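First up is the structure itself, then whatever we jot down about it.
The values are calculated or read from the model by the stated rules, or taken from the named source; none is laboratory data. Since we're looking at a predicted model, the values are computed, not measured. Heads up, the Cβs are rebuilt from the backbone with ideal geometry, glycines too, and the neighbour counts pull from every protein chain shown.
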Amino acid sequence: MKSNAESPIFLGLDRRTFLRLSGLSTSLLATGTLVSLLTACGAVPQNQAVIETTVEATANFAADVEFRLRAVEDSVAILPGKATEAWRFEGELVSGDKQSLATVPDSYLGPILRVQQGQKVRIRFENELAEASIVHWHGFVIADNMDGHPRHAIAGGEEYLYEFTVKNRAGTYWFHPHAHGRTGPQVYRGMAGLLLVSDPEEAALDLPSGAYDMPLVLQDRLFDDENQFRYFVDEAQESGGMSGMAGHNMGNMDAMMAQMMGQRGDRILVNGQIDAALAVEARAYRLRLVNGSNSRIYKLAWSDNSPLTAIAIGGGLLAAPMTKPYIILAPGERIDLWTDFSAYEVGSELRLQSLEFASMEMGDMMMDNDEILPSGAPFDIMTIRIEATATEEAAPLPQRLAEIEQLDPREAVNTDAPYQVELYMDEMVWKLNGRTFELEEVASDERFQLNGLYIWEFVNLPGRGMMADFMAHPMHIHGVQFQVLSRQIDPQYEEPWQTLAGGIIDEGWHDTVLVAPGERVQVIMRFTEPGLFLYHCHILEHEDGGMMRNFVVEA
Ligand code: C2O
Ligand code: CU
Ligand code: CU
């Protein structure tokens, strides 16, 4: 393998790009590690284990609601002209309340499943794709064999039967595939749906409902001239593999960057549609925003600078509404906004935007692909048209929303020695504590006691890996909801951090937390489900590349 900076991977780069590249990362070039990344990126695992699971409904599991969910290849109209080939979930209500299933019209996205806390849910998943897949219910506190772990992935033509009781609080959850090494491409091609939970605490609040309760899934995509999704890692593998090839074409450079920085696009889609516009009445709405992007972080704001009012986050309702000038929404995260359009004149327009923030991502400067909208660049997300007066008055926003039990770090099993998770790149692969994902492997420090209260600390600082600290990682833990205890920012990173800080909501329950460059973030949680679960970065190319590990909760 070539290991000098004259390596052919740079042939074809324009001079400007090459200069930016070499100026920025001399050490990278000197060590020839770009070449080893190219080698490493051939490592999409082939070890999809297919475990025998029963697909027979359990006789004494009396489902309140039952769905059929098929993973299908389809084509959808997104851009003018040619249809886009997509992979999507097709939902069907088998039994239960008709309100339980909604589809997102003219979209690859969906379906929307509405369930209630305490309900017994049965979902038959049928994989009609040509590759392995499995469905994960993001944010759910659920038995480990119902969680969609990659060890449960099923091949095309097979079925997986889910049966579970909804334990989560009212809130906005979502589902997406989780086959190892294939989460990124499957989500990118369209596979994602919503799982909206309600409970009595929420019902008592009289929040906007029905047509006034709008899920909005935010995603970015890159299209080719034929209106097809471009996913660089797959393109590189289709065009002859990346392993050891040292990138004889530009596709490999794109793929390498996508693995390092995450796949990004230049078009912003809301619920699967470009240039999204929403017509509203001049009244209050609940807008459930889901960041379903593979890697993009949003800094949400209104175009007229009015503040945003958050009522719920990933783990459900906040104790009280919170007002922020802007809100940071990292991949995997959700935020429910309460937005009163009665302050606007009928006929006026408002835009939801993403504001500029400091991205320390080296790759954005190196990125040879000018088509991509860099991380931290500002853009419009959607237009909201205030089209009519309210047909019916909305109830006022309650000042108290929910009871939230505060977890006490002094009561944790590991108060004095939190479990540390160091996030860094090593040998050009993103790792957790220097380890990558193994389908069933659990290290000795990844074992926790059932019903134990634990503190974990995510550390995104330089020192270990060669390039430890240049990206923010949204860290996600399965099978649990946690609280954020503290954040500590290294003074060196204070300045970029300040471009995000005013929009971070740490209150309430979370399943995903953004760990910015230079940060240590402590979270606390009680594990109530025994078994094998995952924790990983929710930048899907990081996850697929191995920035994911198992942990076990032992009874
Ligand atoms: Cu939303 Cu393990 O993922
Ligand atoms: Cu998850
Ligand atoms: Cu990451």
Qualifying position, being at pLDDT below 95 and within 16 Å of ligand 1 (Cβ to nearest atom), among HIS248, HIS180: HIS180
Residues located in region 258-290, provided they are among the polar types (S, T, N, Q) and surrounded by 24 or more Cβ atoms within 10 Å (Cβ to Cβ): GLN259, GLN263, ASN271
Matching entry among VAL104, VAL55 (being in contact with a Pro (Cβ under 8 Å, 6 or more places away or on another chain), more than 16 Å from ligand 1 (Cβ to nearest atom) and at pLDDT below 95): VAL104
Which numbered condition PRO462 fails, given (1) more than 16 Å from ligand 3 (Cβ to nearest atom); (2) without any contact (Cβ under 8 Å) to a residue 60 or more places away in the chain; (3) in a loop (DSSP other than H, G, I, E, B): (1)
Test result for ALA301, touching a helix residue (DSSP H, G or I) at 6+ places or on another chain (Cβ under 9 Å), buried (at least 21 other Cβ atoms within 10 Å of the Cβ) and assigned to a strand (DSSP E or B): no
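Picking from ARG447, ARG526, which residue would you name as being more than 16 Å from ligand 3 (Cβ to nearest atom), over 21 Å from the mean Cα position of the chain (by Cα), closer than 30 Å to LEU337 by Cα and modelled with pLDDT of 95 or more?
After applying the criteria, what remains is ARG526.
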Tally, over region 544-555, of residues that are part of a loop (DSSP other than H, G, I, E, B) and crowded, with 24+ Cβ neighbours inside 10 Å: 1
Failed condition for MET547, given (1) in contact with a Leu (Cβ under 7 Å, 6 or more places away or on another chain); (2) closer than 19 Å to ALA412 by Cβ; (3) within 16 Å of ligand 3 (Cβ to nearest atom): (2)
Residue in region 469-488 that is more than 23 Å from the chain's Cα centre (by Cα) and farther than 29 Å from VAL166 by Cα present: yes
Conditions (1) within 16 Å of ligand 2 (Cβ to nearest atom); (2) out of contact with any Lys or Arg (no Cβ under 9 Å at 6 or more places or on another chain); (3) of a type outside the set (D, E, K, R): number failed by GLN449: (1)
Conditions (1) modelled with pLDDT of 95 or more; (2) assigned to a helix (DSSP H, G or I): number failed by ILE328: (2)
Filtered residues of region 432-446 (kept if touching a Lys or Arg at 6+ places or on another chain (Cβ under 9 Å) and under 27 Å from ALA143 (Cα atoms)): LEU432, ASN433, ARG435, THR436, PHE437, GLU438, LEU439, GLU440, GLU441, VAL442, ALA443, GLU446
Region 200-220, residues that are out of contact with any strand residue (DSSP E or B) (no Cβ under 7 Å at 6 or more places or on another chain) and part of a loop (DSSP other than H, G, I, E, B): ALA204, LEU205, ASP206, SER209
Some residue of region 352-359 being in contact (Cβ under 8 Å) with a residue 40 or more places away in the chain, hydrophobic (A, V, I, L, M, F, W, C), in a strand (DSSP E or B) and farther than 28 Å from PRO200 by Cα: yes
Residue match in region 117-126 (condition: in contact (Cβ under 8 Å) with a residue 60 or more places away in the chain, buried (at least 24 other Cβ atoms within 10 Å of the Cβ) and away from ligand 2 (no atom under 14 Å from the Cβ)): no
Selection count, region 131-161, where residues are more than 15 Å from ligand 2 (Cβ to nearest atom), within 12 Å of LEU69 (Cβ to Cβ) and either surrounded by fewer than 21 Cβ atoms within 10 Å (Cβ to Cβ) or among the aliphatic types (A, V, I, L, M) (or both): 2
